[in-house]
Amino acid sequence: MDSNQHRVIGFWRGWSIAVGCAIGSGIFMMPTLLAPYGLLGFSGWLVAGAGSILVALTMARLVIRIPKTGGPYVYVNEGLGNFAGFIIAWTYWVSCISAIAGISIAFVGYLGFFLPQIIASQVHSLLVSLLLIWIIVFLNIKSLENSSKFQLVTTLLKLLPLIFIILLGAANFNTANLPELNPSNLHPISLIATVTTLVMWSFIGIETATVPAENVINPQKTIPKVLIASVLTILILYILVSIAIAVLVPANELINSSAPFALAATKVLGVTGGTIISIGALISTLGSLNANTLTAGNLSLAAARDGLLPAKFVILNKNGTPLFSYLLTGSFVSILLILNYTKGVVNAFIFMAMLSTLSTLIAYSFCAIAEFKFARVDINNSQRNNAMLISCGTFFYAFFAIWGAGIEMIFYSFILILIGMPIYLLKK
């Protein structure tokens, strides 16, 4: 069989997976979260952006070494062994599953702007969420090419509301709305640490471009370009959007807003502005949903190839997609959604959703260790020394962000790892 038969992802489709996954529903709340920290809060974008560039550079080197499907899992598995590989496969897969469930709920919430009767009923909300999930799952089962085309279109469309807000801010620039430098009582170093932990959530997802490596055209050249371009795209957009909203909405109003983008647009264009932003939020969540589904399917395929999951996960359908893996992903997401809409277990689901980001940070730190180990045995030259330095920087950035998440979150991530241990022991 031609090894290039299913290589349908080029630079722009790869870029759309990374950008589409990272720009989800999180950015639409970030201006409110940063408002209490004043102008100094913008420093978080720079620190998190610099850290994400380190992550991208580390991932770029790893994909050149190991151009296989599986992303962070396959790098850790080959660099640090099966046990470490399983921990990353398990935690990262759960990260994708909980993200898919959470994003589908966010989609339904935005849809309620146009159809209030949906969010007025728990049953209707659940049914719409489930329908949405399975449409996306079957899109990925049907064809990777169609899925990647869909991803490119939704990513391009989701950029429109961000650009729209930037243009509104430029046209209605009011410096009187800008906040104080540091209205909080925090020491500047503590403040920067806090806001970095907040905004780095908005960068999580860039690594998804590495996961479908075997479906990428010339992955060793394409994926590194995709990673760097994605981080720079996201960083520039986020900074400009934050400035635009800060000059459109006074800080005291921003702090109390549950929809800062809609508030900013409404300030200039009234209800029409809010409608445009709500449509943009729907498209944004849809693209992020598809990117996470694509990632979850390919991740379990990679783990099964290495004997860490049953052989069923390896079987591809006639379209070259892992049918069983996608069906299981859809089933687990459906279970999480049903649990979420059952009042007694809402808190349990919230913890699962919060663990999504922390699980990704664990993957970053393990990947950094794997790259350091690979680099140590490379030919001793400046390139090798740079690789070791970058991997150390990536590890400390991930460690810093994990520390910023708090003891409680770290404890629950440890519990999550323990839950997966019986699966590893049974399979081995």
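The values are calculated or read from the model by the stated rules, or taken from the named source; none is laboratory data. Note that the structure is a prediction, hence the values are computed from the model and not measured. Cβ sites come from the backbone with ideal geometry, for glycine too, and all protein chains shown count toward neighbours.
Tally the residues that are part of a helix (DSSP H, G or I), touching a residue at least 24 places away in the same chain (Cβ under 8 Å), hydroxyl-bearing (Ser, Thr, Tyr) and surrounded by 17 or more Cβ atoms within 10 Å (Cβ to Cβ), restricting the search to the range 232-285.
Residues that pass the stated criteria total 6.
So that you can scan it fast, the table gives a plain yes or no per residue for (1) modelled with pLDDT under 85; (2) within 23 Å of Ser202 (Cα to Cα):
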{"residue": "Phe11", "(1), (2)": "no, yes"}
{"residue": "Tyr37", "(1), (2)": "no, yes"}
{"residue": "Leu40", "(1), (2)": "no, yes"}
{"residue": "Ser52", "(1), (2)": "no, yes"}
{"residue": "Pro67", "(1), (2)": "no, no"}
{"residue": "Gly71", "(1), (2)": "yes, yes"}
{"residue": "Val94", "(1), (2)": "yes, yes"}
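Identify, by number, the condition in (1) out of contact with any Gly (no Cβ under 7 Å at 6 or more places or on another chain); (2) surrounded by fewer than 19 Cβ atoms within 10 Å (Cβ to Cβ); (3) in a helix (DSSP H, G or I) that Leu358 doesn't meet.
(2)
List the residue pairs whose Cβ atoms are under 9 Å apart, where the first residue sits in the range 294-313 and is within 16 Å of Ser98 (Cα to Cα), the second is buried (at least 24 other Cβ atoms within 10 Å of the Cβ) and among the acidic types (Asp, Glu), and the two are 6 or more positions apart or on different chains.
Thr295/Glu207
Test Val199 against the criterion of being within 16 Å of Trp45 (Cβ to Cβ) and either in contact with a Lys or Arg (Cβ under 8 Å, 6 or more places away or on another chain) or part of a helix (DSSP H, G or I) (or both), and give yes or no.
On the way: within 16 Å of Trp45 (Cβ to Cβ): yes; either in contact with a Lys or Arg (Cβ under 8 Å, 6 or more places away or on another chain) or part of a helix (DSSP H, G or I) (or both): yes.
Spelling it out, Val199 is indeed within 16 Å of Trp45 (Cβ to Cβ) and either in contact with a Lys or Arg (Cβ under 8 Å, 6 or more places away or on another chain) or part of a helix (DSSP H, G or I) (or both).
Can you pull out every residue in the range 141-170 that is within 18 Å of the chain's Cα centre (by Cα) and not aliphatic (A, V, I, L, M)?
Of everything in the range 141-170, those that are within 18 Å of the chain's Cα centre (by Cα) and not aliphatic (A, V, I, L, M) turn out to be Ser147, Ser148, Phe150, Gln151, Thr154, Thr155, Lys158.
Would you say Phe86 is more than 19 Å from the chain's Cα centre (by Cα) and not small (Gly, Ala, Ser)?
Criteria met by Phe86.
Please give the number of the condition Leu237 fails out of (1) more than 22 Å from Leu358 (Cβ to Cβ); (2) touching an Asp or Glu at 6+ places or on another chain (Cβ under 9 Å).
All conditions are met except number (2).
Say we look at the range 317-331 and pick out the residues that are in a helix (DSSP H, G or I) and out of contact with any Phe, Trp or Tyr (no Cβ under 9 Å at 6 or more places or on another chain); which of these is modelled with the lowest pLDDT?
Leu323
On the given criteria, is Thr154 closer than 29 Å to Val247 by Cα and either among the hydroxyl-bearing types (Ser, Thr, Tyr) or touching a residue at least 12 places away in the same chain (Cβ under 8 Å) (or both)?
Here the answer is yes, as Thr154 does meet what is asked.
Select the helices (runs of 4 or more DSSP H) contained entirely in the range 65-156, then report the ones holding at least 1 residues which are buried (at least 21 other Cβ atoms within 10 Å of the Cβ). If you could, list the steps in order and put the result at the bottom.
Working: elements: 72-80, 82-111, 116-119, 122-142.
Here the list reads 72-80, 82-111, 122-142.
Can you work out which of the residues in the range 157-203 that are among the small types (Gly, Ala, Ser) and over 17 Å from Val241 (Cβ atoms) is surrounded by the most Cβ atoms within 10 Å (Cβ to Cβ)?
The qualifying residue surrounded by the most Cβ atoms within 10 Å (Cβ to Cβ) is Ala193.
What do you reckon, is Ala229 in contact (Cβ under 8 Å) with a residue 24 or more places away in the chain and either surrounded by fewer than 16 Cβ atoms within 10 Å (Cβ to Cβ) or out of contact with any Gly (no Cβ under 8 Å at 6 or more places or on another chain) (or both)? Before you say what the answer is, go through the steps one by one.
On the way: in contact (Cβ under 8 Å) with a residue 24 or more places away in the chain: yes; either surrounded by fewer than 16 Cβ atoms within 10 Å (Cβ to Cβ) or out of contact with any Gly (no Cβ under 8 Å at 6 or more places or on another chain) (or both): yes.
It is true that Ala229 is in contact (Cβ under 8 Å) with a residue 24 or more places away in the chain and either surrounded by fewer than 16 Cβ atoms within 10 Å (Cβ to Cβ) or out of contact with any Gly (no Cβ under 8 Å at 6 or more places or on another chain) (or both).
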